[in-house]
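A short write-up of the structure that comes next.
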Amino acid sequence: MTSVRTRPATVRRAAHQAPRRRSPRWTALAFLTPLVLYLIAFYAYPLYRNIDLSVHDYTPRAFVQGDPEFTGLDNYVNILSDDTFLRALSNTALFTLGSIAVQYALGLALAVFFHRHFRLSVALRAMFLVPWLLPLIVSASTWSWMLNSENGIVNAALQAFGIGQINWLTSPDTSLLAVTIANIWLGIPFNLVILYAGLQTISADLYEAAGLDGANAWQRFWRITFPLLRPVSAITLLLGLIYTLKVVDIIWIMTKGGPADASTTLAIWSYREAFGTGQPDFSPAAAVGNLLILIAFAAGLVHVRLQRREERG
Amino acid sequence: MKSSWRTVLGIVLVAVMLFPVYWMFNVSLTKTSDMRADPPHWFPWDPTFEGYTAALGQQLPALATSLFIGLGTVALTLVVSLPAGYALAKLRPLGARGIDFLLLVAQMIPAVVMAMGFYAIYIRLGMLNTVAGLIVADSTLAVPFGVLLFRAFMASIPGELMAAAQIDGASTWRTFRSIILPLSRNSVITVSLFAFLWAWSDFIFASTLNRNSDVIPITLGIFRYIGNNTTQWNSIMATAVIASIPAAFLLVLAQRYIAAGVTAGAVKD
């Protein structure tokens, strides 16, 4: 073993004649050390603690004393058989898929619209970034007030069309829809920017040739833009999926997951169990959180695969 | 002249998109007595600054805390991610692919999971409700992004520049400090802006790791405001307007850095 390992180093040194004082590999490691320590201390360790939480019964008292009871997979069995689980799972699916589908469609439409340069197009496109830059608490509280049942501007506008009062945030029928609408609004800028950048990579010659062949705008979109944009679209949708799965702020600020569980997603459920009630229940919360990580990783693997395929050709 | 209809349509679309932002302004200037008018007032004909007076009177410490946390997060993010970006881009370290993968995975972890992990760690270290603890937690939002952006940018710096420096006898550290860092100015700005904005906007870490503290960031300030007095919406919206200043600043003065940041990592050029 030793001889095999040392030989390449000897050969390399002989080839260079003048050995450096320090091997470049060690220098590289020195520059990487802060990051490696950081990842271990502030990513790996919190994640480990989270798994640890999920396989013990951490009551607030056990937290302080550090002597929780080991319960194996009990917490996982409990959350999977909890009534909230199916509700949270289907809410997560509706919220996530609804959000990314509409964000993508609107983002793409806007990207195509802004792709042609016109007066003020750059400035107007920049204005679309605003929702994405605002702190979520700002957007969420603004939407809360706009959707307020008695004094909200949305209901006032709907009244003009003869539609009666809708209790957006307080009715179990509409609260999930309300937070999804707010989340779509937040996600449009991200989709617009990425899809717009994707459009820039499509050669103008193709459109010119299609124009000469008499293709109209509609045909140009479906025959050229959409197919050539597919790799970028796939990445946009997957990143949207991963981001949307994690969303807590906007829902918590607007509805706290309610009424009852009407707008509770897996992330909200986890947050509520751990931090949202007077009685923190970290162990089931951590189990829900780990389940969420598994779903996100599954999406992430698809993302990595797509990116590799794109790099290859 | 054919394209003028596009400009008109573009303005209409922006108006629709930014209506909530307008509404925030409008409500922030509305008198408390007009708040529940039916129909609501569409324009602040008779504006009041009582909301802003209240907001500044009560939320100034929270704004200062957020500013401090934001700057601390920027510093920590740069210290960790600049050397790492350099190593990954130029020094061919062992395990570079592994680190790439870890950074990608790190960005997928839900913040609520990180918050629970940090909570469990901080409760033992006595770091709950501390500004330092919040800076560390907030930096996890920006470090993977920073490393990936710096690596992508530094990879585009010509190797000849580094080779020339090395022939002149510069150490790797010296090359990094005198050649790589000055050339990376724009990407340093981009990463700093985003790290600041994310720390400034953070709600999840603040509401979990700092919830019993007297020293709270502005996001938590607004959240407590909503909980305490639901009638004072002009004060809440005034605080929201003030909390949006960094975002407005970024949009006006640093727009090109933003576009660089959003597309980094998502679309290859």
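The values are calculated or read from the model by the stated rules, or taken from the named source; none is laboratory data. Model, not experiment: these values are computed from the prediction. Cβ coordinates were reconstructed from backbone atoms using ideal geometry, including for glycine residues, and neighbour counts include every protein chain displayed. These area figures cover heavy atoms from the full protein model, side chains too; ligands, DNA and RNA do not enter into them. Shrake-Rupley method; radii C 1.70, N 1.55, O 1.52, S 1.80 Å.
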Only listed residue being of a type in the set (D, E, K, R) and assigned to a helix (DSSP H, G or I), chosen from B:38, B:100: B:100
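Of these, B:65, B:53, which one is part of a helix (DSSP H, G or I), more than 9 Å from chain A (Cβ to nearest Cβ) and modelled with pLDDT of 90 or more? Before the answer, list the steps.
Values: B:53 fails: modelled with pLDDT of 90 or more.
The conditions single out B:65.
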Report yes if some residue within segment B:82-92 is within 22 Å of residue A:46 (Cβ to Cβ), within 11 Å of chain A (Cβ to nearest Cβ), part of a helix (DSSP H, G or I) and of a type in the set (Ser, Thr, Tyr); otherwise report no. no
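Looking only at helices (runs of 4 or more DSSP H) that lie completely in segment A:150-242, which have at least 2 residues being of a type outside the set (A, V, I, L, M, F, W, C) and within 14 Å of chain B (Cβ to nearest Cβ)? Walk me through how you get there before you give the answer.
Numbers: elements: A:153-160, A:175-200, A:204-212, A:217-220.
Counting at least 2 such residues, we get A:153-160, A:175-200.
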With the requirement that a residue be away from every other protein chain (no Cβ under 13 Å) and in contact (Cβ under 8 Å) with a residue 60 or more places away in the chain, what does segment B:27-48 give you? B:29, B:31, B:48
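I'm trying to understand the selection: among the residues of segment A:135-149, which are part of a loop (DSSP other than H, G, I, E, B) and in contact (Cβ under 8 Å) with a residue 12 or more places away in the chain?
First, pick out the residues of segment A:135-149 that are part of a loop (DSSP other than H, G, I, E, B): A:135, A:147-149.
Matches in segment A:135-149: A:147, A:148, A:149.
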Select from segment A:171-186 the residues that are small (Gly, Ala, Ser) and surrounded by fewer than 23 Cβ atoms within 10 Å (Cβ to Cβ) and list them in ascending order. A:171
From the list B:155, B:142, B:120, B:115, which residue is open to solvent by 10 Å² or more (accessible area, probe 1.4 Å) and not acidic (Asp, Glu)? B:155
Can you name the number of the only condition in (1) open to solvent by 20 Å² or more (accessible area, probe 1.4 Å); (2) modelled with pLDDT under 95; (3) under 23 Å from the mean Cα position of the chain (by Cα) that residue A:104 fails? (2)
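Condition check: surrounded by 24 or more Cβ atoms within 10 Å (Cβ to Cβ), facing chain B (nearest Cβ under 7 Å) and farther than 20 Å from residue A:62 by Cα. Does residue A:267 satisfy that?
Numbers: surrounded by 24 or more Cβ atoms within 10 Å (Cβ to Cβ): yes; facing chain B (nearest Cβ under 7 Å): yes; farther than 20 Å from residue A:62 by Cα: yes.
In short, yes.
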Going by the structure shown, is residue A:248 touching a residue at least 24 places away in the same chain (Cβ under 8 Å) and within 18 Å of the chain's Cα centre (by Cα)? no
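Yes or no, residue by residue, for (1) within 27 Å of residue A:246 (Cα to Cα); (2) at the interface with chain A (Cβ under 10 Å from one of its Cβ atoms); (3) at pLDDT 85 or above; (4) in contact with an Asp or Glu (Cβ under 7 Å, 6 or more places away or on another chain):
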site: B:204; (1), (2), (3), (4): yes, yes, yes, yes
site: B:230; (1), (2), (3), (4): no, yes, no, no
site: B:238; (1), (2), (3), (4): no, no, yes, no
site: B:244; (1), (2), (3), (4): yes, yes, yes, no
site: B:249; (1), (2), (3), (4): no, yes, no, no
site: B:254; (1), (2), (3), (4): no, no, no, no
site: B:259; (1), (2), (3), (4): yes, yes, no, no
site: B:263; (1), (2), (3), (4): yes, yes, no, no
site: B:268; (1), (2), (3), (4): yes, yes, no, no
Can you pull out every residue in segment B:212-228 that is within 7 Å of another protein chain (Cβ to nearest Cβ) and either crowded, with 24+ Cβ neighbours inside 10 Å or over 18 Å from residue B:198 (Cβ atoms) (or both)? B:219, B:222, B:226
Output for Cβ contacts, cut-off 9 Å, separation at least six or different chains, first residue over 25 Å from residue A:256 (Cβ atoms) in segment A:160-173, second open to solvent by 70 Å² or more (accessible area, probe 1.4 Å), reads A:160/B:39
Conditions (1) open to solvent by 60 Å² or more (accessible area, probe 1.4 Å); (2) at the interface with another protein chain (Cβ under 9 Å from one of its Cβ atoms); (3) without any contact (Cβ under 8 Å) to a residue 40 or more places away in the chain; number of the one not met by residue A:132: (3)
For segment A:121-143, which positions are closer than 16 Å to residue A:196 by Cα and aliphatic (A, V, I, L, M)? A:122, A:123, A:124, A:126, A:127, A:129
Just one of B:14, B:21 is buried (at least 20 other Cβ atoms within 10 Å of the Cβ) and at the interface with chain A (Cβ under 9 Å from one of its Cβ atoms); which is it? B:21
